[in-house]
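Chemist: Quick one: this structure, given as C-alpha cells, is what I'll be asking you about.
The values are calculated or read from the model by the stated rules, or taken from the named source; none is laboratory data. This structure is a prediction, so every number in the text was calculated from the model and none was measured. Counting neighbours? That spans all protein chains shown, and the Cβs are built from the backbone with ideal geometry, glycine included.
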Amino acid sequence: MLEQIMSLNALGIVGVLIGIVVLYFLSCIRFIYEYERAVIFRLGRVLPKPKGPGLIMVFYPIDKMFRVSLRTLVTDVPEQDVITKDNVSVKVNAVIYSRVIDPQKAVLEVEDYLYATSQVSQTTLRSVLGQSELDELLSERERINRHLQEVIDLQTDPWGVKVSAVEVKHIDLPDTMKRAMAKQAESERERRAKVIHAEGEFQASAKLRDAAKTIEGHPMAMQMRFLQTLNDVGSENNTTIVFPVPIDLFSAFFPQNGESS
C-alpha cells in the first residue's frame, strides 16, 4: 500500500514537472509578423542572424528578444529656426522617410535608432539650409531635398537605417519679408506689362509702315479705305456723316511758292 502511494506521488510529481516544462515551452513561443525581425541575445551574445517572420522560440531567461520593424517610418522633423546664407531668419519643418535594412545594426550600433535619426535630421536640416539663400529655398526645393537625403542617409547608414526621401514641408517667412516679396512681385509684373505694351506698339508700327508702303504703290487703295470707313460708320445708328475730301481741292485757295498773299 505504501509503495502504491509512493508511486502515485512520483507520478504526480513527474506530471507536474512535465506540465511545467510544457507551459515553459508554450510561453517561449513567439510570433513575428511579416514586416518584423527579431534580434535575439542569448546569454548576452547576439545570434548570427535575426529570426522571423513566423513562429520562433525564445528561451527565457537566457534569451532576450528585440523586435525591429522593417516598414517605412515617417518621422516629422519639428519646426527649426534657420538663418539662411543671406541672413534671413525663417522657420522650416520637414518629413523624413526611412526604413531599417539591417536589424542587427539598428539594435547594436545605436541605443534608439528612431530618436537618433530624428536628431540627425534636425541638425542636418539647420546646417544644410543655412548654406542656401532664401531664393534657393523657395525655387530649388527638389535639389535641396535630394541633398538633405544624401547627407542624412550617409550618417544613418552605420546604424542600418536607409533614408529614402526627405521633403521640406513648409517655410515660414517673416511678415516684413512677405511684404517685400509681394512688392517685388508687383514691380516685376508691372515691368513685364510695360515690356509687352512696348512690344505691341513696336509690332503695330511695323504693320502700319508696311501698310503705308503698300498704299503708296497703289493710289486707289486709299480710296478703297475711305469707302470702307464710310461703310463702317454708316452701319452704326448715328447721325454723323463722314465725307473724305481730297486736299488737292483746296490748293487753289492757298498761295503758291513765290507768290504774295
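Condition check ((1) modelled with pLDDT of 80 or more; (2) surrounded by 10 or more Cβ atoms within 10 Å (Cβ to Cβ)) across all residues:
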{"residue": "149", "(1), (2)": "yes, yes"}
{"residue": "198", "(1), (2)": "yes, yes"}
{"residue": "225", "(1), (2)": "no, yes"}
{"residue": "244", "(1), (2)": "no, yes"}
{"residue": "252", "(1), (2)": "no, no"}
{"residue": "260", "(1), (2)": "no, no"}
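Chemist: Ok, one more. Among the residues of the stretch 54-68, is there at least one that is exposed (fewer than 10 other Cβ atoms within 10 Å of the Cβ) and part of a loop (DSSP other than H, G, I, E, B)?
Modeler: yes
Chemist: For the list (1) more than 28 Å from residue 139 (Cβ to Cβ); (2) in contact (Cβ under 8 Å) with a residue 40 or more places away in the chain; (3) of a type in the set (Ser, Thr, Tyr), I need the number of the one condition that residue 164 fails.
Modeler: Result: residue 164 fails condition (1) only.
Chemist: Now a separate question. Name the pairs: first residue in the stretch 7-35 and under 24 Å from residue 62 (Cβ atoms), second residue of a type in the set (Ser, Thr, Tyr), Cβ to Cβ under 8 Å, at least 6 apart or on different chains?
Modeler: Qualifying pairs under 8 Å: 27/60; 28/60.
Chemist: For the structure I just gave you, tell me whether residue 187 is out of contact with any Pro (no Cβ under 9 Å at 6 or more places or on another chain) and either of a type in the set (Asp, Glu) or not in a helix (DSSP H, G or I) (or both).
Modeler: Spelling it out, it is not the case that residue 187 is out of contact with any Pro (no Cβ under 9 Å at 6 or more places or on another chain) and either of a type in the set (Asp, Glu) or not in a helix (DSSP H, G or I) (or both).
Chemist: Could you go through the stretch 39-50 and let me know if any residue there is touching a residue at least 40 places away in the same chain (Cβ under 8 Å), assigned to a strand (DSSP E or B) and not assigned by TED's automatic domain parsing to the domain that holds residue 128.
Modeler: yes
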